[in-house]
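To keep things clear, I will list the structure first and then write my remarks on it.
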Amino acid sequence: GIVFIFYNRHRCRCNFTLQLTIEARMILDSNGVLSLFDHLVFAKDVKRSKPYPDIFLKACSDLNALPENCLVLEDSEAGIEAAYRAGIPVICVPDLKVPAQSFLTKAEQVFQDLDAVRDYLKRKKENQ
């Protein structure tokens, strides 16, 4: 999942939480997005993996941010549940498998692609 930490209307930091360490940096770098992230947290960095909130809470702690000032983008049921348990608002962007309705109700919004997320966040920021 991706954790956005909002400090004010004009600045946010990004944190990428990954289940697997192997090749993760290489994949992000080869896609030209590694530099967009301030911090990476891997499953190996916490005792319990998703659906436990540990990985998201570690991301918040590492960046000295309150969960309620963050936003998680997730595609999986376990990730939605982890963000929900961490007290972090979550937006679901389904990938291959659409999460069950019981998980989707825990999401602030559900969008089919990242362009829709960008547009939603832009509108939300303008209305603050």
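The values are calculated or read from the model by the stated rules, or taken from the named source; none is laboratory data. Only a predicted model underlies this, so the values are computations on that prediction, with no experimental measurement involved. Here Cβ is always computed from backbone atoms with ideal geometry, including for glycine, and neighbour counts include all displayed protein chains. The area values use the complete protein model at the heavy-atom level, side chains included, leaving out ligands, DNA and RNA. Shrake-Rupley method; radii C 1.70, N 1.55, O 1.52, S 1.80 Å.
So who's got an amide H within less than 5 Å of the one on Phe42, skipping anything under 5 residues away but keeping other chains? H placed 1.01 Å off N, in plane.
Leu18
Under a 5 Å amide H to amide H cut-off, with H placed in plane at 1.01 Å, what residues pair with Cys70 once short-range neighbours are removed?
For Cys70, whose amide H was placed from the backbone, the distant partners under 5 Å are Phe6.
So, taking all protein chains as they sit and a 1.4 Å probe, how much accessible area belongs to Leu104, in Å² rounded to tens?
Solvent-accessible area, nearest 10 Å²: 30 Å².
How would you order 70-81, 55-66, 109-120 from highest to lowest mean count of nearby Cβ atoms within 10 Å?
Final packing ranking: 70-81, 55-66, 109-120.
With each pseudo-label sitting 7 Å past Cα toward Cβ, what's the Asn69-Asp45 distance in nm, one decimal?
It is 1.8 nm.
If I ignore ligands, DNA and RNA and count only protein heavy atoms, how much of Leu36 is accessible to a 1.4 Å probe, in Å² to the nearest 10?
That residue has around 110 Å² of solvent-accessible surface.
What ³J(HN,Hα) values, in whole Hz, does the Karplus curve 6.51 cos²θ - 1.76 cosθ + 1.60 give for region 121-126 when θ = phi - 60°, with x put for Gly and Pro?
5, 5, 4, 4, 5, 5
Label region 38-128 by shape, choosing from rounded, prolate and oblate, from the square roots a ≥ b ≥ c of the eigenvalues of the Cα gyration tensor; if a/c is under 1.5 it is rounded, and otherwise prolate applies when a/b is larger than b/c, oblate when it is not.
Oblate shape, in that a/c is at least 1.5 and b/c is the bigger or equal ratio.
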